Amino acid sequence: MKKLLGLFVAFAMALPASAALVDNVDAIGRIDVIGADANRGPVSASAGSRVVAGLSADLTEDVKANVQFWYATAWDGALSGNSLNKYQDEIHLAEANVVLSNLFDCFELTLGRQFYGDEDSMTMYFGPKSGYMAAIAAQPLSLEAAKLTYADDFKSVTLLAGKTADDLALTTKYNIYGADIRMNLTDTMKAQVYGYALKDETNAPEYHGFYGAKLAYMPEAFGFSVEAARGHQGNRLVKEGKDTPYFVKLDASLNMDAFTPRAAFLYQKGLVSEYGAYAPGLVAGKYLTPLGNTSDVIDNARIFNVGVDYKWNKMVFALDGFAFQDRTAKAAATLEADLTATYQHNESVEMFAGIGYAKLGGDLKDQFASQDATVYQLGTTIRF
């Protein structure tokens, strides 16, 4: 790591003297700072920050290189008084890849350590998560992969082959193979079909994965989407067992100028994918179970959400209500209400604050031996 960081610094210092080697050098990354307090949960009060930053440069025509490093710290004074080497040991490589554009006049190829997917995905996201303490404290997941993409006005096709990065704090390492196809069926209707297979490198050879589809209809007055996915697992590439996991997720919204009413519903049996980034609610999904779909709050669950956004100048206020319940509705539901405010200072900087209250039921009530939980949160995100 020290050698890699030294090469990165030397590269940055040499740029002015070696302008012929690279062109269009840009700083890339983001800075997140979050503080939270709660009347119960893993930590009663906490604050921390995360920096994901690096450089993007054109090496030659249609060839770009990207390097990003990751550093996060809790504001608890644990590193106070340590040497610079101690801080350096906390810096990790997040991305290091090259991107070849216009390959054979129609493809884009990304090689190396890279982020992948959409942050709101239920199934596949490798990269820095946003919006809550556990997300900025956890090391962003990366893939060592080759990604090939073809895109035109009607469709984009992405093929992926790689593995989870070796230095990630994962108990299981996987080879990952997948495809993601997205189509603009009309100006207002979009479709997506995807499938991924994961091979376990840590234990006995075993495949598991998932496949799914999403359809979104978004005219000017409203929006609606439905997504369904199904898992598979066995000693063959695609083999479904007797208790196959699956989910169905519905989202709808109305565009009423300043007001945007919203509704969502998720029904999931088992764990379809451990790499999803869906974490609903400030309390149940982001604080009491901060890793999202690693608990029964998401797995084997039915979740109802209704809310409304109100836009005023640079401010957006959001009021949300949630009902978290086990899939079979045998236990009492956890009911949650959230109020959040976001200030968009400019295109790159936003500040946010939120308060969430939950009346605990089911597993959460048993786990925390409590009737309720309250979470307060403040933060800012700077992207560059």
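Readers should treat all values here as calculations from the given coordinates under stated rules, not as data from a laboratory. None of these values were measured; they are calculated from a predicted model. Glycine also receives a Cβ, built like all others from the backbone with ideal geometry; neighbour counts cover every protein chain displayed.
What to note about this one:
- Cross-link reach list, aspartates and glutamates versus Lys173, counting only Cα pairs under 14 Å and skipping chain neighbours closer than eight places: Glu144, Asp200, Glu201, Glu206, Glu274
- Modelled FRET efficiency - R0 35 Å, Ile181 with Val63, Cβ distances, 0.05 increments: 0.85
- Spatial offset of segment 62-121 relative to segment 340-384 amounts to 26 Å, using the alpha carbon center of each.
- For the pair Glu90 and Ala332 in one chain, pulling the backbone fully straight at 0.36 nm per residue adds 82.9 nm over the alpha carbon distance.
- Gyration tensor (Cα) of segment 62-124, equivalent ellipsoid semi-axes in angstrom: 35, 17, 6
- Between Ala216 and Gln371, full extension at 0.36 nm per residue minus the direct alpha carbon distance yields a gain of 52.0 nm.
- Listed by chain and number, the lysines whose alpha-carbon sits under 17 Å from that of Lys242, ignoring those within fewer than 8 places in the same chain, are Lys269.
- When peptides 353-360, 341-348 are ranked by their average number of other Cβ atoms within 10 Å per residue, the highest-first order is 353-360, 341-348.
- Rough spin-label spacing in nm, given labels placed 7 Å along Cα→Cβ, for Ala191 and Lys242: 3.6 nm
- At R0 = 30 Å, FRET efficiency that the Cβ-Cβ distance of Val349 and Val226 yields, to 0.05: 0.30
- When peptides 108-115, 148-155 are sorted by average Cβ neighbour count within 10 Å, with the highest value leading, the order is 108-115, 148-155.
- Under 16 Å from Lys359, Cα to Cα: aspartates and glutamates that are on another chain or at least 8 residues apart: Asp320, Asp326, Glu336, Asp338, Asp372
- Based on Cα contacts under 8 Å between residues 6+ apart, segment 228-384 shows a relative contact order of 16 percent.
- Placing pseudo-labels 7 Å out from each Cα toward the beta carbon at Ala151 and Trp75 gives an inter-label distance of 3.7 nm.
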